[in-house]
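To start, the structure under review is shown below, and the notes come after it.
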Amino acid sequence: MFIAANLALVRERITAAARRAGRNPDDVALMAVTKTLDADRIREAHAAGLRLFGENRVQEFASKSEAVRALAGARWHLIGHLQSNKAARAAELFDAVDTVDSLRLARKLNDAPQQRGTPLPVLIEINLAGEADKSGVAPDSKELEDILYAAPQLEALTISGLMAIPPFTPNLEDARPYFRRLRGLRDQIAARKLPSASPTVLSMDVLSMGMSHDFEIAIEEGATCVRLGTALFGERHT
Ligand SMILES: *Cc1c(COP(=O)(O)O)cnc(C)c1O
């Protein structure tokens with residue numbers, strides 16, 4: 001009941017934010033972030049209608065994936081930092097990896113044994129403010145260029161957009177320029193006609209940005225996916 005009520009409210013807020021920006025609310029995917037939640041809560045979220053899920057840790061998801069595998073239509077994205085030595089396990093467990101932050105990691109994911117038969121969708125994580133405690137590649141870095149140029153060789157991956165967690169700003173409006181910058185970077189990459197720019201290799205359709213406290217601003221600035229934990233499930237207790 002609790003999740004269903006929160007979900008109804010969140011959907012209204014997504015719709016209102018999209019309308020304010022002249023956008024179609026259907027163009028904003030809602031990802032339920034289920035880190036720290038047990039399988040019962042995840043089943044409840046699924047029963048409420050949620051289908052797109054985000055988890056932060058390979059290990060944590062491995063321990064609950066058996067229990068939630070049967071949920072019809074559920075798709076699982078890794079949204080936490082991924083160490084190269086866990087890339088193969090992540091490629092096996094998840095439907096998508098939203099936190100590619102080096103060419104080395106992209107190569108590891110690409111070389112992982114494939115069972116899916118279609119390329120693994122990935123996002124490039126961008127560290128917008130150069131924060132030392134966050135992962136992600138810098139917007140103007142050689143690493144980002146290297147990943148974009150390597151895309152045609154990464155045949156088991158589809159690079160489908162960008163993801164970021166902007167710095168926490170007590171004043172919500174201060175987050176807006178970061179969202180705008182990520183969108184600008186996306187648009188700039190999409191416009192460049194890179195040699196890799198074929199839709200099965202590199203498309204820049206996805207902009208994953210916005211969390212419980214700032215998702216409405218992210219939507220106004222172009223987010224196509226918002227990642228919500230607290231707004232759906234309440235405060236995390238761990
Ligand atoms: C935890 C987490 C979220 C959700 O955070 P809330 O503030 O609870 O909505 C979104 N994205 C990432 C990468 C996270 O780690």
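General observations
- Unit charges on C-beta of K, R, D, E only; dipole of the chain, Debye: 300 debye
- Cα gyration tensor, the chain - rounded (a/c under 1.5), prolate or oblate: oblate
- Its residue count N sets the reference 2.2 N^0.38 Å, and the alpha-carbon radius of gyration of the stretch 1-109 equals 1.19 times that reference.
- GluC sites (Glu not before Pro) restricted to the stretch 93-181 and DSSP loop, no more than 16 other C-beta within 10 Å: Glu131, Glu155
- Signed unit charges on C-beta, dipole axis of the stretch 199-238, positive-most listed residue Thr230, Ser203, Ile217: Thr230
- Pairs of C-alpha atoms in the stretch 16-67 farther apart than 17 Å represent 46 percent of all such pairs.
- Of the residues His46, His81, His213, the one that moves most in a GNM of the chain with alpha-carbon contacts below 10 Å is His213.
- Using C-alpha pairs below 8 Å separated by at least 6 residues, the relative contact order for the stretch 104-238 is 22 percent.
- For the pair Ala190 and Glu155, label points projected 7 Å from Cα toward Cβ lie 2.9 nm apart.
- The stretch 27-120: relative contact order as a whole-number percent, Cα under 8 Å and 6+ apart: 23 percent
- Annotation for the stretch 146-238: trypsin sites (Lys or Arg not before Pro) lying in DSSP loop with at most 14 further Cβ atoms inside 10 Å of their Cβ are Arg192, Lys193, Arg236.
- Sparsely packed trypsin sites (Lys or Arg not before Pro) within the stretch 36-96, loop by DSSP, other Cβ within 10 Å at most 12: Arg69
- The stretch 76-123 - Rg and Dmax from Cα coordinates, angstrom: 9.2, 25
- By the rule of a C-alpha distance below 27 Å, with chain neighbours fewer than 8 residues away ignored, the lysines paired with Lys35 are Lys64, Lys86, Lys108, Lys134.
- Centre-to-centre separation between the Cα atoms of the stretch 58-83 and those of the stretch 119-160: 22 Å.
- Gain on full extension, evaluated as 0.36 nm per residue between His237 and Glu92 minus their Cα-Cα distance, stands at 49.3 nm.
- Dividing the mean sequence gap of close Cα pairs (under 8 Å, 6+ apart) by how many residues the chain holds gives a relative contact order of 20 percent.
Quick note: the coordinates plus some simple rules give every number you see, no bench work behind them. This one's a predicted model, so the numbers in the text were calculated from it and none came from an experiment. Glycine gets a Cβ as well: all are built from the backbone with ideal geometry, and neighbour counts include every protein chain shown.
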